[in-house]
Amino acid sequence: MATTTPDTQALAHGRFIRGSVSKVRRVLDQIRGRTYRDALIMLEFMPYRSTGPITKVLRSAVANAEHNLGLDPATLVISQATADMGPSLKRFRPRAQGRAFAIKKQTCHISIAVAAPTA
């Protein structure tokens, strides 16, 4: 994987995304280290629900690189892609004999960094 200085990286964050961290990480592991074009093609055809929010964060990171750093989107590589756990939404379902059953709806924070490849 290419090493870059923080000046040549563009970051984007997606916070409070509904979905579990393990399911998002499964997709991020597939696109980490790939070019922007390859990652978009992979995300387009993966059968997972989490590819939608990941695509939005990836496009945002590339837009940041293009606008703020003046980098060409065709040459960008995904240098970092992480998912961290967010707060859980707590909901309750009725159960037998007046009891309540807690349901935790998980959220996660997605962070993607793109950088120009160093030769």
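The values are calculated or read from the model by the stated rules, or taken from the named source; none is laboratory data. Computed from a prediction, not measured in an experiment: that's the story for all the values here. All Cβ positions, glycine included, derive from the backbone under ideal geometry; neighbour counts span all protein chains shown. Quick note on the areas: whole protein, heavy atoms, side chains included, nothing else; ligands and nucleic acids left out. Shrake-Rupley method; radii C 1.70, N 1.55, O 1.52, S 1.80 Å.
Which residue pairs have Cβ atoms under 7 Å apart, sit 6 or more places apart or on different chains, and have a first residue in the stretch 72-95 that is without any contact (Cβ under 8 Å) to a residue 24 or more places away in the chain and a second that is among the aromatic types (Phe, Trp, Tyr)?
92/101; 93/101; 95/101
What number of residues within the stretch 72-119 are of a type in the set (A, V, I, L, M, F, W, C) and under 29 Å from residue 40 (Cβ atoms)?
Final tally of qualifying residues: 15.
If you check every pair at least six apart or on different chains, which have Cβ atoms under 7 Å apart with a residue in the stretch 28-47 that is more than 12 Å from residue 58 (Cα to Cα) first and a residue that is open to solvent by 40 Å² or more (accessible area, probe 1.4 Å) and of a type in the set (Val, Ile, Thr) second?
As it stands, the answer is none, since no pair meets every condition given.
Starting from residues that are within 14 Å of the chain's Cα centre (by Cα) and among the charged types (D, E, K, R), keep the ones in the stretch 45-78 and report whichever is farthest from residue 10 (Cα to Cα).
Checking each candidate, the answer is 49.
Counting just the residues of the stretch 96-114 that are touching a residue at least 60 places away in the same chain (Cβ under 8 Å) and not β-branched (Val, Ile, Thr), which one comes out farthest from residue 31 (Cα to Cα)?
105
Quick check on my filter: what residues within the stretch 75-93 are open to solvent by 70 Å² or more (accessible area, probe 1.4 Å) and among the aliphatic types (A, V, I, L, M)?
Answer for the stretch 75-93, where residues must be open to solvent by 70 Å² or more (accessible area, probe 1.4 Å) and among the aliphatic types (A, V, I, L, M): just 85.
Tell me, please, whether a residue that is under 30 Å from residue 37 (Cβ atoms) and open to solvent by 60 Å² or more (accessible area, probe 1.4 Å) can be found in the stretch 94-108.
No, because not a single residue in the stretch 94-108 is under 30 Å from residue 37 (Cβ atoms) and open to solvent by 60 Å² or more (accessible area, probe 1.4 Å).
Pick out, from the stretch 1-99, the helices (runs of 4 or more DSSP H) lying fully within it that include 1 or more residues that are touching a Pro at 6+ places or on another chain (Cβ under 9 Å) and either of a type in the set (Phe, Trp, Tyr) or closer than 19 Å to residue 118 by Cβ (or both).
36-45, 51-68
May I ask you to verify whether residue 38 is over 18 Å from residue 83 (Cα atoms) and of a type in the set (Asp, Glu)?
yes
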